[in-house]
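One structure below.
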Amino acid sequence: PVRRHIGFIGDSITQGIGTETGSYAHWAARIAARCPADCSAWDMGSGYARAADAAQDGAWLARAKTCDLVHVCFGVNDLYHDKRTADGVLADLQTIVRALKHAGCTVILLTVPPFDWDGSKKIYWYRINDAIRAGAIADIDGLFDFAAVVGQPAPNAHLAKYGGHPDAAGCQAVADAYWAAIDRGDPNLAAARAGIFGTE
């Protein structure tokens, strides 16, 4: 029995591709490692997964709905493999968030990671992340700017600092930034703090 169930849903970046197999060095595991012992953590990252997949609201998203606090990180494969528009990805993210909220979950949305974007993919990536940061996705409980941690400094934020699939150093940087925001009382992660520790 645990007090809080914490989930992470996304693609291979959430799954941990880029770190050594079995190392638990990926960002979701690094975040989970600092949670209290009475919290469980479930990494539901899946290779090649898209926001469009989770937005179907099937068995995979049903797993995430069993968690109290869910971190949502999608968009790379929608742009990279499917060449979708910014509006399409944002619509799917909104569908995912609303489905999780309807199930009673606290939802933390992450910006779309950099993946050495170019051409129209680069344009759409900036549009998506600018929209997320501006509050375009309704009903989220919090926001973590994943892209700002693992991207190169502006004007090259679309280029990956630690590889498209962040390596162990990149994943540690993500976890450090997440917990630093929690520790300093960042309002963007106040709901995550409450979800993890049970306090406002």
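Computed extension gain for ALA33 through ALA180, at 0.36 nm per residue and net of the alpha carbon distance, reaches 51.5 nm. Exposure here means at most 14 other Cβ atoms within 10 Å; with trypsin sites (Lys or Arg not before Pro) in a DSSP loop as sites, the longest stretch of the chain lacking them is 84-183.
Count charges around TRP179 for me, please; just the other residues with Cβ under 12 Å from its Cβ, Lys/Arg as +1, Asp/Glu as -1. Net local charge, TRP179 excluded: +1.
How much net charge surrounds ILE6 when only other residues with a Cβ under 15 Å from its Cβ are counted (Lys, Arg +1; Asp, Glu -1)? Taking every Cβ under 15 Å from that of ILE6, the sum is +3. Rg and Dmax of segment 64-161, both derived from C-alpha coordinates alone, stand at 13.2, 39 Å. Secondary structure note: in the chain, about 5% of the DSSP beta bridges are antiparallel. Solvent-accessible surface of segment 9-92, averaged per residue with a 1.4 angstrom probe and all protein chains in place: 44 square angstrom.
With a simple spin-label model that places each label point 7 Å from the Cα along the Cα-to-Cβ direction, the separation between THR66 and ALA169 comes to 3.8 nm. Protein heavy-atom surface of the chain, 1.4 angstrom probe: 50% of the accessible area is carbon and sulfur, with nucleic acids and ligands not counted.
If you take the C-alpha gyration tensor of the chain, multiply each eigenvalue by 5 and take the square root, what semi-axes do you get, largest first, in whole Å?
The three semi-axes for the chain are 24, 19, 16 Å.
The values are calculated or read from the model by the stated rules, or taken from the named source; none is laboratory data. Everything numeric here is computed off the predicted structure, so don't read it as measured data. Glycine gets a Cβ as well: all are built from the backbone with ideal geometry, and neighbour counts include every protein chain shown. Ligands, DNA and RNA are stripped out before the accessible areas are found, and what is left, the full protein with its side chains, is counted by its heavy atoms. Shrake-Rupley method; radii C 1.70, N 1.55, O 1.52, S 1.80 Å.
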